[in-house]
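Colleague: My questions all concern the structure below.
Nothing in this text is a laboratory measurement; each read-out follows from the coordinates by a stated rule. Quick caveat, the model's predicted, so the values are computed rather than measured. FYI the Cβ positions are ideal-geometry reconstructions off the backbone, even for glycines, and counts take in every protein chain you see.
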Amino acid sequence: MAETETKLKPPAAQVVTARALLLGERIDTAGLERADLVSSAPLAFHAGQAGFAVLYRFGVAVLFGLSPLEEDEIVTRVGARVAGASRGDDETLVLEGGHEGEDKPLPNGRLAVRDLSEARLLVVADALAKSVALARDERRVNAVFDTIEPFAAELASKGRPPWRRRAMLELIGQTLLVRHRVSGRVAVEDKPDVLWDRPDLERLYARLEDEYELEARGRTLNAKIDVIGETARALTDLIDTDRSVRLEWIIIILIAAEIGLSLFQITVGYDHARATHTPSSAGHISTPESHWKPGN
């Protein structure tokens, strides 16, 4: 991106509000290309009378210098391409252009920049979009953690799962779902592509990365995702162990039943044999005297 790139506003109006809006799970940007496209990844273009819009595939739109009506127009136009539409906490940042020296956050919460060039806006948009997306993923992961914690506490105190099999399977489903949604969704560690052409903006991105704690939040989120994965495996092992114990008891009961049946058959057979061989004709037993005849 050349130094002669378009500025967002003339020097007389150097204050611009940036708003990062969470629109949903994903935005299908294919087919939205236009003649005044500034960037294709992310999709960035001029919008409104003197505004700028940046769309990210992970469901976030960052809008600069647009009126509420212009914002609604873009959100409505993009809405048909949003998968899993949902709204979350938006991020707002006011930029003050025309400052001498380095780009930096101001004590009043605003961001001082030398100018409002497209390259700078892309750097700011990247940080804002990642912050909003991280907030969404953090909410999901924390919701699963709130479910896991009482389960783990009960398991630690009593030594056995507190829930039935169905509830455990539901928790496994929740852990796998949040892991699937979050893993690889937002590459926090990746820097915006514009920095390849404008390495002089590295410091601006580093300051924004530090301001929104992107790297630390990304590490924490990944660590929690790993814990969720381990929890899902542990729950699966518990279910497998419970199933194995039940099978063992079934086998023991079957063996005991077979032994009992065998003993019953032996006992009944013995009694039957005794009844069959009982000397009911005991008076006919031959003795030496029974064969003696007079005269012998």
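Colleague: Which of the residues spanning the stretch 99-127 are touching a helix residue (DSSP H, G or I) at 6+ places or on another chain (Cβ under 8 Å) and either among the small types (Gly, Ala, Ser) or outside any loop (DSSP other than H, G, I, E, B) (or both)?
Modeller: Applying the first criterion (touching a helix residue (DSSP H, G or I) at 6+ places or on another chain (Cβ under 8 Å)) to the stretch 99-127 yields 102-105, 111, 113-114, 119-120, 122-124, 126-127.
Scanning the stretch 99-127 gives Lys104, Pro105, Leu111, Ala119, Arg120, Leu122, Val123, Val124, Asp126, Ala127.
Colleague: Given the conditions (1) in contact (Cβ under 8 Å) with a residue 60 or more places away in the chain; (2) over 15 Å from Val123 (Cα atoms), which single one is not true for Val38?
Modeller: Exception for Val38: condition (2).
Colleague: Need the failing condition index for Asp126 against (1) within 18 Å of Val60 (Cβ to Cβ); (2) surrounded by fewer than 21 Cβ atoms within 10 Å (Cβ to Cβ); (3) not polar (S, T, N, Q), just the number.
Modeller: Result: Asp126 passes all but (2).
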